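**Q** Quick one: the structure is below, and I'll ask about it shortly.
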Amino acid sequence: MRILTNICSDDLAKSKDFYVELLGLQVKYDSEWYVQLGSPTNSEIEYGIIDRNHELVPSDFQKKPTGMYVTFVVADVDATYQKAIGIGVPILQEPRNEFYGQRRFLTEDPNGCLIDICSPWEPEP
């Protein structure tokens, strides 16, 4: 089995740049209606972006996302946060340690999708 997450976008180029610049994902496929990104270190990790108004997306699902978010686990959440600040990414929640063992910050991608960026964290004994 393989799972591939695809999100809908109003601006493929802007969306592609967001994920490439912030998270270092690499472009595997790029067309006028679909972009496929992948991890530079794990070929099994892929992330797709499709034009929201493309005929493959049913009209009832061409709306902005609600009730869901996408989590990206990174090696150093604080370094990614600093990169986000540097490239002008909107910050919805600054990095903080969460009770379940993750340090995370929240942002919003150009499509209105809530993005959770985190790293494992352990409290001091």
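**Q** Which is over 18 Å from residue 11 (Cα atoms), surrounded by 11 or more Cβ atoms within 10 Å (Cβ to Cβ) and in contact with a strand residue (DSSP E or B) (Cβ under 8 Å, 6 or more places away or on another chain), of 76, 51, 109?
**A** On inspection, the qualifying residue turns out to be 76.
**Q** A further question follows. Would it be correct to say that residue 56 is touching a Pro at 6+ places or on another chain (Cβ under 9 Å) and within 18 Å of residue 111 (Cα to Cα)? Please lay out each step first, then the result.
**A** Working: touching a Pro at 6+ places or on another chain (Cβ under 9 Å): no; within 18 Å of residue 111 (Cα to Cα): yes.
It is false that residue 56 is touching a Pro at 6+ places or on another chain (Cβ under 9 Å) and within 18 Å of residue 111 (Cα to Cα).
**Q** Same structure, new question: Considering only strands (runs of 3 or more DSSP E) fully contained in segment 1-108, which possess at least 2 residues that are in contact with a Gly (Cβ under 8 Å, 6 or more places away or on another chain) and under 28 Å from residue 121 (Cβ atoms)?
**A** The strands (runs of 3 or more DSSP E) meeting that bar are 5-9, 46-51.
**Q** Consider residue 63 against the criteria (1) among the basic types (Lys, Arg); (2) surrounded by 15 or more Cβ atoms within 10 Å (Cβ to Cβ); (3) at pLDDT below 95: it satisfies all of them except one. Which criterion is unmet?
**A** All conditions pass for residue 63, except number (2).
**Q** Just name the residue that is farthest from the chain's Cα centre (by Cα) out of those in segment 81-106 that are surrounded by fewer than 19 Cβ atoms within 10 Å (Cβ to Cβ), among the aliphatic types (A, V, I, L, M) and under 23 Å from residue 6 (Cβ atoms).
**A** 92
**Q** I need a count of the residues in segment 1-52 that are without any contact (Cβ under 8 Å) to a residue 12 or more places away in the chain and not charged (D, E, K, R). Full working, then the answer.
**A** Within segment 1-52, the first condition is being without any contact (Cβ under 8 Å) to a residue 12 or more places away in the chain, and the residues that meet it are 1, 3, 13, 17, 27, 29, 31, 41-43, 45.
Then drop every residue that is not not charged (D, E, K, R), which leaves 1, 3, 13, 27, 29, 31, 41-43, 45.
The qualifying residues number 10.
The values are calculated or read from the model by the stated rules, or taken from the named source; none is laboratory data. Computed from a prediction, not measured in an experiment: that's the story for all the values here. Here the Cβ is made from the backbone with ideal geometry for all residues, glycine too, and neighbour counts use every protein chain on show.
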